[in-house]
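> Before I ask anything, let me first share the structure, which is written out below as structure tokens.
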Amino acid sequence: MGMKERRDKINYYLDIAETVAGRSTCLRRRYGAIIVKNDEIISTGYNGAPRGRKNCIDLNRCIREEMNVPSGERYELCRSVHAEANCIISASRRDMLGATLYLACKSGKDETLLPGTSSCTMCRRQIINAGISQVIIRDTEEDYRIVDVEEWITEDDSLPE
């Protein structure tokens, strides 16, 4: 009887980020994030309303959904603090310098993984300032993308074209 093949380290951490997404309280997208440095989980975060406020799943409504706001737009209408931001809030900058953020996103409707997702502009700014060096984003159960945060610095999306 052969031994079961061991899960590779990146997918192991992405599995944990995906589990964290299960705590999300968003009706649209369920994000989970973890920050890892030196093979140690520094913090976790998922998207949901600020502490003490009612969550969208409790209200059973999403204002952005009701207004047909496309994904990636008008975040100021959203009740949630994003997973990446919650992860960063829970960690010390000293611990995040040179760390990796793992990110997974599932549909709020059917819990399927959503390939091609990424951090929003505001979260990218926070990731840059936190000193995180790379973001690894799950696309499928086995596939992922590795983003060098330095690219987000040099390809400044806040400058006019």
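> Is the shape of region 32-108 rounded, prolate or oblate, going by the alpha carbon gyration tensor and its root eigenvalues a ≥ b ≥ c, with a/c under 1.5 for rounded and a/b larger than b/c for prolate?
prolate
> Per residue and in Å³, how big is the convex hull formed by the alpha-carbon atoms of region 1-71?
Hull volume normalised by residue count: 152 Å³.
> Using amide H atoms built 1.01 Å from N in the peptide plane, name the residues 5+ places from SER43, or on other chains, whose amide H lies under 5 Å from its own.
ILE35
> While we're here: Expressed as a whole percentage, what fraction of the accessible surface of the chain belongs to carbon and sulfur atoms when a 1.4 Å probe is rolled over the protein heavy atoms?
48
> Multiplying the sequence separation of VAL69 and GLU155 by 0.36 nm and subtracting their Cα-Cα distance, what value in nm do you get?
On the way: separation 86, 0.36 × 86 = 30.96 nm, distance 2.60 nm.
Going from the current span to full extension adds 28.4 nm.
> Tell me which of CYS120, ASN60, SER107 sits at the most positive position along the dipole axis of region 52-161, charges placed on C-beta atoms (Lys, Arg +1; Asp, Glu -1).
Result: ASN60.
> Excluding ligands, DNA and RNA, what is the solvent-accessible area per residue of the chain at a probe of 1.4 Å, expressed in Å²?
Values: 9680 Å² over 161 residues.
With all protein chains present, the chain gives 60 Å² per residue.
> If you don't mind, there's one more thing I want to ask. Determine the equivalent ellipsoid of the chain by diagonalising the alpha-carbon gyration tensor, then write out the semi-axes as square roots of 5 times the eigenvalues, largest first, rounded to whole Å.
That gives 25, 21, 15 Å for the three semi-axes.
> Given the options ARG74, ARG64, ARG138, which has the most mean-square fluctuation in a GNM of the chain, springs set between C-alpha atoms less than 10 angstrom apart?
Comparing ARG74, ARG64, ARG138 in the GNM, the peak value goes to ARG74.
> Can you tell which of ALA99, ALA83, ALA17 shows the greatest fluctuation in a Gaussian network model of the chain with Cα springs below 10 Å?
Most flexible of the set in this elastic network: ALA99.
> If I model a spin label at GLU76 and TYR12 as a point 7 Å from the Cα along the Cα→Cβ vector, what separation in nanometres do I get?
Using points 7 Å along Cα→Cβ, the separation is 4.4 nm.
> Label region 68-161 by shape, choosing from rounded, prolate and oblate, from the square roots a ≥ b ≥ c of the eigenvalues of the Cα gyration tensor; if a/c is under 1.5 it is rounded, and otherwise prolate applies when a/b is larger than b/c, oblate when it is not.
rounded
> How big is the charge dipole of region 1-154 about its Cα centre, in debye rounded to the nearest 20, if each Lys and Arg gets +1 on its Cβ and each Asp and Glu gets -1 on its Cβ?
Working: 24 positive and 22 negative charges, 138 e Å.
Dipole of region 1-154, to the nearest 20 debye: 660 debye.
> Within region 108-153, list the GluC sites (Glu not before Pro) lying in a DSSP loop whose Cβ has at most 12 other Cβ atoms in a 10 Å radius.
GLU111, GLU141, GLU142
The values are calculated or read from the model by the stated rules, or taken from the named source; none is laboratory data. Please read these numbers as outputs of a predicted model, since none were measured by experiment. Cβ coordinates were reconstructed from backbone atoms using ideal geometry, including for glycine residues, and neighbour counts include every protein chain displayed. Surface areas here come from the heavy atoms of the whole protein model, side chains and all, with no ligands, DNA or RNA. Shrake-Rupley method; radii C 1.70, N 1.55, O 1.52, S 1.80 Å.
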